[in-house]
Amino acid sequence: VTENRSDLEDLHLYATPREQRFRRFASLEFEGQLYMTPYDFIQAVTNDEPKRAKKWRSLSKQELNQILMETPPVWKGSSKLFRNLNEKGVISYTEYLFLLCILTKPHAGFRIAFNMFDTDGNEMVDKKEFLVLQEIFRKKNEKRERKGDEEKRAMLRLQLYGYHTSTNSVLKTEGDDLVPRSYWDTLRRSTSQALFSDLAERADDISSSLSDTTLLVHFFGKKGKAELNFEDFYRFMDNLQTEVLEIEFLSYSNGMNTISEEDFAHILLRYTNVENTSSYLENMRCRIPEEKGITFDEFRSFFQFLNNLEDFAIAMQMYNFASRSIGQDEFKRAVYVATGVKLSPHLVNTVFKIFDVDRDDQLSYKEFIGIMKDRLNRGFRGYKPIQRYTTFKSCVRKELYSR
């Protein structure tokens, strides 16, 4: 099924940036609702644009059932789950938002997230409790319609959620321009017993009108009767973070055990609002003339730290309030105290060489925190194109220095 291009662009005008991105990368349609495959999701968080032409393939009920029958149980999960499933999976829009949040969730916060779903406090999450998430994410993501938008937005809601929804939001909003909050923050603010009981009552109606997905079958079994414990939930979240980082790392390493410092800088700056990345890259090239490389363990530890950026920002602000910049030793200590993550001296030195634009070997709050906060919006805003020619330049430089 290929949607008419004019219709596609017309609906895009009424979609939020998140909805637009999902619609661009989704490749499946079932009973009018769009879905991503696991391959689509990986592409959406690691690439600027889809690699293939915009087509939505219509799934039959038999094809969907076959996909769900082949979905492995949660105890068979691994850091290659999405790559192994590839095209054999269906991910709904609300699950897409949930998975994006997982990518930026600190490990210490996994327990909090789990407890929010566990509304009856039995340390297990069932399918009904998990479906409360669908409604909260939908309410958080609703876009207030302008006059005349009702029909187009109704079409989008049907396409993204699979059912018609009321425009009356359970979550209170004040004015058109809202202060942006993370989904997890919205979840924290929306967990009163009254709200949960209201949504839980509606979950029965919602679940009866929605098709099962790969994620629901993975978590709750083919009959939907299984319950999810924290250990399995934690493992799934940790595996997904690792899998996406592995894919990013491998896309630059070309089979080697390390990526260049320059490629590391590209990955960091790619998701930010920095307009002129060339100054950061040139700064790093001059100050690290000979490449040592960044290992995957170093790479993963840094992004684990970034997922704890809010706690680290508090420590950085203390230096900022005292009108003090921060050196490499103080940076390593603050990272460990605030997040429990130990960064290697070489990784810290590389970070300083990238972000210390004034070259005073000190890192200010503005130089680092302000830019890295953008990095946590992976998948929620625009992407910077990758300048792949620099990878070639890195190879040439590496070859020259090896002689």
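The values are calculated or read from the model by the stated rules, or taken from the named source; none is laboratory data. These numbers come from a predicted model, not from an experiment. Note: ideal-geometry Cβ built from the backbone for every residue, glycine included; neighbour counts use all protein chains shown. These area figures cover heavy atoms from the full protein model, side chains too; ligands, DNA and RNA do not enter into them. Shrake-Rupley method; radii C 1.70, N 1.55, O 1.52, S 1.80 Å.
Matching residues to (1) modelled with pLDDT under 85; (2) more than 22 Å from LEU97 (Cβ to Cβ); (3) basic (Lys, Arg):
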| site | (1), (2), (3) |
| --- | --- |
| PHE249 | no, yes, no |
| ASN254 | no, yes, no |
| HIS266 | no, yes, no |
| ARG270 | yes, no, yes |
| ASN276 | yes, yes, no |
| TYR280 | yes, yes, no |
| CYS286 | yes, yes, no |
| PHE303 | no, no, no |
| LEU309 | yes, no, no |
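Does ARG285 satisfy being free of Cβ contacts under 8 Å to residues at least 24 places away in the same chain and either open to solvent by 40 Å² or more (accessible area, probe 1.4 Å) or of a type in the set (D, E, K, R) (or both)? Please lay out each step first, then the result.
Details: free of Cβ contacts under 8 Å to residues at least 24 places away in the same chain: yes; either open to solvent by 40 Å² or more (accessible area, probe 1.4 Å) or of a type in the set (D, E, K, R) (or both): yes.
Against the criterion (free of Cβ contacts under 8 Å to residues at least 24 places away in the same chain and either open to solvent by 40 Å² or more (accessible area, probe 1.4 Å) or of a type in the set (D, E, K, R) (or both)), ARG285 qualifies.
Of all the residues in region 228-251, those that are touching a residue at least 40 places away in the same chain (Cβ under 8 Å), among the acidic types (Asp, Glu) and closer than 27 Å to LYS128 by Cβ number 2. Pairing each residue of region 99-110 that is among the hydrophobic types (A, V, I, L, M, F, W, C) with any residue that is modelled with pLDDT of 80 or more and not in a helix (DSSP H, G or I), provided the two are 6+ apart or on different chains, yields C-beta distances under 8 Å for LEU99/ILE91; ALA108/ASN308; ALA108/GLY340.
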